[in-house]
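**Student:** Following this message is one structure expressed as structure tokens.
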There are 2 protein chains.
Amino acid sequence: MSSADHYLADVLKSLSQPTRLKIIDFLRNGERCVCEIFPAIDEEQSNTSRHLSYMQTHGILSRRKEGVKIFYSVKHPEVFEIIDLAGRIVQRETELRSGVVKESRRG
Amino acid sequence: MSSADHYLADVLKSLSQPTRLKIIDFLRNGERCVCEIFPAIDEEQSNTSRHLSYMQTHGILSRRKEGVKIFYSVKHPEVFEIIDLAGRIVQRETELRSGVVKESRRG
DNA sequence: TCGATATATGATTATATAGTCATATATCGA
DNA sequence: TCGATATATGACTATATAATCATATATCGA
């Protein structure tokens, strides 16, 4: 695989961890500083900081400094689209597994 | 976070690994048996089988048996949409990093 | 039945990851 | 200056992951 494929995997990996998903969800309404993020998602400051750095390094988040505070925001709107699409998969799978088979197409 | 959120992370994690991305890409044109998949992606049969089982367990792939062969296919069209959206992020990031270096980096 | 083919899995190893605690660094205000 | 606040990071641990080799299981045809 090319390095672009590894980058593709890295982008998706940035979105495939519960704590990071909590962060991204909290950033749906715009940028927030670390001091707002970690209490909102109920994680340690250090752990939150690591995940924020991870996502910023991988191009998922933007970082803006204002005084002593660092504000993070989701850099690409596709991030939310991806998560919403994954949510649709989860919903359909949950339905399939619970026996509620919804027929929107032949199958 | 609820178990649904863990499931969301699991779905995305299923799509965030280079070997699995190779498999999914090979399945873009429809179902294939394991004996076709592992030579096409140039991975060992056992490793390929593990990743296929992983994705089937997590609701990403469907499995169909025909004689001695097992055919796998991508179960939800959203899988391809997700990967294509991630590809757009990669492309935009690559452009940002190569050409239009907007700001001075840390240093 | 035997042997060839197709797939899955146990055991193992190396590496990656997430999380914690303690601490370092940076900024600001008094 | 000092002290409070905000963020990042080093060291560490426990767990997860991907890959490999060997082998088990299943199906089919001769």
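**Student:** Which whole number gives the average, over all residues in B:73-85, of C-beta atoms from other chains lying within 10 Å of the residue C-beta?
**Tutor:** 5
**Student:** Hey, which of these cross-link pairs are over 26 Å Cα-Cα: A:K22/A:K69; A:K13/B:K69; A:K22/B:K13; B:K22/B:K65?
**Tutor:** A:K13/B:K69
**Student:** Mind pulling the angle between the C-alpha long axis of helix A:45-57 and the longest principal axis of chain A? Nearest 10 degrees, somewhere in 0 to 90.
**Tutor:** 70 degrees
**Student:** Which of rounded, prolate or oblate describes region B:27-66 when judged by the alpha-carbon gyration tensor and an a/c cut-off of 1.5?
**Tutor:** Oblate shape, in that a/c is at least 1.5 and b/c is the bigger or equal ratio.
**Student:** Which value in deg cm²/dmol, rounded to the nearest 500, describes the helix-derived mean residue ellipticity at 222 nm for chain B, given -39,500 (n - 2.57) per DSSP H run of n ≥ 4 and division by the residue count?
**Tutor:** -18500 deg cm²/dmol
**Student:** Treating the point 7 Å from Cα along Cα-beta-carbon as the label, what are the nm separations from A:E66 to the other copies, to one decimal?
**Tutor:** Nearest to farthest, the other copies are at 5.9 nm.
**Student:** Okay, next question. Report, ordered by chain and residue number, the aspartates and glutamates lying within cross-link reach of B:K75, taken as a straight Cα distance under 12 Å and ignoring same-chain residues fewer than 8 apart.
**Tutor:** Within reach: A:E93, B:E31.
**Student:** Could I ask something else about it? Taking amide H positions as placed 1.01 Å from N in the peptide plane, with prolines and chain starts having none, which residues 5 or more places from A:C33, or on another chain, fall under 5 Å of its amide H?
**Tutor:** Close amide H contacts, sequence-distant or interchain: A:Y72.
**Student:** Which of the three applies to region B:3-75, rounded, prolate or oblate, going by the alpha-carbon gyration tensor with a ≥ b ≥ c and a/c under 1.5 meaning rounded?
**Tutor:** Here region B:3-75 falls in the prolate category.
**Student:** Okay, moving on. Please determine, in degrees from 0 to 90 and to the nearest 10, the orientation of helix A:3-14 with respect to the longest principal axis defined by the Cα atoms of chain A, where the helix direction is its Cα long axis.
**Tutor:** 90 degrees
Where a number appears in this text, it was derived from the coordinates with a stated rule and is not lab data. Only a predicted model underlies this, so the values are computations on that prediction, with no experimental measurement involved. Glycine also receives a Cβ, built like all others from the backbone with ideal geometry; neighbour counts cover every protein chain displayed.
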